[in-house]
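Let me begin by presenting the structure, written as structure tokens, before commenting on it.
All of the numbers you see were taken from the coordinates with simple rules; none came from a lab. Note that the structure is a prediction, hence the values are computed from the model and not measured. Cβ atoms come from the backbone with ideal geometry, glycine included; neighbour counts cover every protein chain shown.
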Amino acid sequence: MSEVRGRTAFITGGASGIGLGMAKVFLEAGMNVAIADLRQDHRETARAELRDADLLDRTCFIDLDVTDREAFVRAADEAEAAFGRIHVLCNNAGIGILKPIGAADYADWDWAIDVNLNGVFNGVRTILPRIRAHGEGGHIVNTASMAGILQYSQAGLYVTTKFAVVGFSEALRAELAPDGIGVTAFCPGGVRSNIREYESTRPERYAARTDRSEDGPPPRLEVAPEDRERLSRLTASPEEAGRLVLNGIRENALYVFTAPEFRPGVEERFEAIRRALGRDDEREKDALELIPGLIGSPIYREASRQQEREKS
């Protein structure tokens, strides 16, 4: 989707943080934006910000819990009533639940899966048929995280869901390529947002069922005062993240990252995988001839070719 002006984007979790950053950038590019968000206070604050920036006229606000499938259908209907066809879906809503797997209970697990993973599927299940039906092409952005590429042991539930979102996005990209619908896995690093305020939105149905009296506060990164300014330079603004996402949509990028400083960790991970695989040239040759579709994917080769073109 190289041309986005006049197209409509539907953004979940769109009233604050990265979602609002996307909305502002999309609006500045001439798009219509449906901002779907669970929190009324965030919707009201976002409305005021967009009014001050003179960006409110091509925006509608929708109350949406992404775990509610019937509500998702109503939200999509509302967006289409406001702007017509939806072209871009940004599955951005998520909770940054910082909980080790061994310390989690069933309620924590169910909530993390329902919002961070099922919420993404609900968005695709609801809006993808509408994009297919109008035949004008489109794009889906699924917000994962660097925690979907590299593990963080103090946030095992979050890591689990975000690794799943990356795999979901890659599989969906391969499925939708023949339809001219792009898919991007968005893996931000540090971005200024309120994602860790998750407990304030925990519904009663996910209330803890075990004694949590020993639970401490979520782990925090301790940084010496003299290093805080340097650390702040490693944190993107929501608008910077939004600009990277818009560029990824225009270029049909497989991945969008905000944090190149994670490269050494990513290289360590893939080197560990390569070492564990070992090498057998004869088996590789047979597999390439007999089951090429199982041992590789064109989406990776396509991404590599695109990066080479950008370098040249």
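Only one of the numbered conditions (1) surrounded by 20 or more Cβ atoms within 10 Å (Cβ to Cβ); (2) more than 26 Å from Val73 (Cα to Cα) is violated by Ile131, and that is (2).
Residues in the stretch 134-157 that are outside any helix (DSSP H, G or I) and surrounded by 23 or more Cβ atoms within 10 Å (Cβ to Cβ): Gly138, His139, Ile140, Val141, Asn142, Thr143, Ala144, Ser145.
For Arg5, the stated conditions hold: it is in contact with a Gly (Cβ under 6 Å, 6 or more places away or on another chain), without any contact (Cβ under 8 Å) to a residue 60 or more places away in the chain, surrounded by fewer than 17 Cβ atoms within 10 Å (Cβ to Cβ) and closer than 21 Å to Arg130 by Cα. As a summary of the residue check, Gly265 satisfies the conditions (1) free of Cβ contacts under 8 Å to residues at least 12 places away in the same chain; (2) more than 29 Å from Leu89 (Cα to Cα); (3) touching a helix residue (DSSP H, G or I) at 6+ places or on another chain (Cβ under 9 Å) except for the one numbered (1). Counting only helices (runs of 4 or more DSSP H) that sit wholly inside the stretch 258-312, those with at least 1 residues that are polar (S, T, N, Q) are 298-311. For the stretch 240-280, filtering for residues that are surrounded by 17 or more Cβ atoms within 10 Å (Cβ to Cβ) and either farther than 20 Å from Ala185 by Cβ or polar (S, T, N, Q) (or both) leaves 2.
Per-residue answers, yes or no, for (1) without any contact (Cβ under 8 Å) to a residue 12 or more places away in the chain; (2) within 17 Å of the chain's Cα centre (by Cα):
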position: Met31; (1), (2): no, no
position: Ile62; (1), (2): no, no
position: Asp65; (1), (2): no, yes
position: Ala71; (1), (2): yes, no
position: Ala75; (1), (2): no, no
position: Gly84; (1), (2): no, no
position: Gly102; (1), (2): no, no
position: Ala112; (1), (2): no, yes
